[in-house]
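This report refers to the structure that appears directly beneath it.
Only the coordinates and a few stated rules stand behind these numbers; no lab work does. From a predicted model like this one, the values you see are computed outputs, not experimental measurements. Please note: Cβ atoms are built from the backbone with ideal geometry, for glycine as well, and neighbour counts cover all protein chains shown.
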Amino acid sequence: MQPCGAFCVLWAQAPPSRTRPAKHPSAGRPLAGTVTQGGHISTEPRINERIRVPEVRLVGPAGEQVGIVAINDALLLAQEADLDLVEVAPTARPPVCKLMDYGKFKYESALKARESRKNQAQTVIKEIKLRPKIDPHDYGTKKGHVERFLKAGDKVKVTIMFRGREQSRPELGFRLLQKLADDVTDLGFVESQPKQDGRNMIMVIGPHRRAPERKAEAKPAQPRPVPSPRSEAAPPAAPSEPPAEDPGPVATAEPAVETPAQAPTDA
């Protein structure tokens, strides 16, 4: 085979290498100044040996102020009291740590969070959609739904939907929303004024806040037992004495008859 030119001559003398070039030692590593995704950040406070500061402001188990002590002394006090050293204020200078039973503290915190969630009132937003030219009977039905939602303590989002040429008459929707707000003024108030949102007009009505009813402290009276007819009867008579035994026939004494005395006879 005859070479066709200078390039072919050079290629024939030194063919190109098929191996990959060696990578730079820093290849694949993030550049300086770039932020990489790290691990999970714990939100729990640091305890015991996890506290990496030279000194802390120590608080006793009963809340008494011990003062600023070295971290080793604080750990020694916690070990002697059979408690944990918990960092309660990490942003303070120096950080504030308290001697406590960490397991008991977490349990009580979980109970408080659960109770707060039970007492927290959840507000639900209901939505009612209307048309600017709604029929009076349909309007009454929609108004009844709004009243029912407000009585249940929920917010109501009223939406007026415009179509076609109705978009050039937004005052119709505004008047309808004002009428609805006036009809339910005894149950709620306008929380968000009517505003145009594209082809719709939106208004939010919130329920009136009612004062919580206080429970009566007195205990309810216990129901008295209903007397039975037998108990209403006359009280039982006193026990009578046993009857006397029959003495039998009584002998009557006959009157004594005086006999005349006989005269003495002469012999």
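A few comments on the model shown:
- Long pairs among LYS112/LYS157; LYS112/LYS155; LYS106/LYS157; LYS118/LYS157; LYS133/LYS155; LYS112/LYS151, criterion Cα-Cα beyond 32 Å: LYS112/LYS157; LYS106/LYS157
- Two-site label geometry, ASN72 and LYS118: point separation in nm, points 7 Å out along Cα→Cβ: 4.9 nm
- Taking the Cα centre of region 48-117 as origin and assigning +1 to Lys and Arg Cβ atoms and -1 to Asp and Glu Cβ atoms, the resulting dipole is close to 460 debye.
- Modelled label reach - VAL88, point 7 Å along Cα→Cβ, region 106-121 residues with backbone N closer than 17 Å: 106-110, 112
- Across the options HIS137, VAL158, SER168, the greatest Cα extent toward the positive end of the charge dipole of region 126-169 (unit charges at beta carbon of Lys, Arg, Asp, Glu) belongs to SER168.
- Virtual spin-label span in nm between ASP138 and LEU187, 7 Å along Cα→Cβ: 2.0 nm
- Taking a point 7 Å out from the Cα of ALA152 in the direction of its Cβ, the residues of region 183-211 whose backbone N falls within less than 20 Å of it are 184-191, 203-210.
- Our estimate of slack between GLU108 and GLU64, defined as 0.36 nm per intervening residue step minus the Cα-Cα distance, is 13.8 nm.
- Computed FRET value (nearest 0.05) for MET161 with ALA81, which takes r as the C-beta separation and R₀ as 45 Å: 0.05
- Since only LEU99, LEU75, ALA110 are under comparison, the one whose Cα sits farthest along the positive direction of the charge dipole of region 48-117, derived from C-beta charges on Lys, Arg, Asp and Glu, is ALA110.
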